[in-house]
Amino acid sequence: MKTLVSQFQDYLAKVAGARVSIQAAEAEALPQYLVQLYSLYQLKLGERHFLGIALREPEDFQPARFEKHLARLQQVGAGTEGYCLIATALPNYVRQRLVERHIPFVVPGRQINWPALGAVVA
């Protein structure tokens, strides 16, 4: 089975026509509880740079809690244009909350909501 990162790359290429290069981001400055919740990646799409935030356990994900963590997570992605949440699966009600809160996300094979790329596909 493909890893979440390779599924993400393939899905962006298929749906948005975007080639993305991905490198693991240095997250040593983060507290351990954030390292346990998220994997961080530097995403490069053409000349644009984003922080990829992959959920390690999407079953326990809460958008409100994520918003509290976001400021700290974005310190790792300093100098990027923004971020994108990446998950293997999310319930419909969670995806709806992400849209309402303007949190860009990708669930490979299911949905992309990343307005900075001009990509919104349900």
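The values are calculated or read from the model by the stated rules, or taken from the named source; none is laboratory data. All figures in this text were calculated on a predicted structure; none of them were measured in a lab. Each accessible area value is taken on the protein alone, full model and side chains, heavy atoms only, with ligands, DNA and RNA left out. Shrake-Rupley method; radii C 1.70, N 1.55, O 1.52, S 1.80 Å.
Some observations on this one:
- Just one of the listed residues (49, 69, 102) is at pLDDT 90 or above and closer than 21 Å to residue 7 by Cα, namely 49.
- For the stretch 90-110, filtering for residues that are open to solvent by less than 70 Å² (accessible area, probe 1.4 Å) and more than 12 Å from the chain's Cα centre (by Cα) leaves 6.
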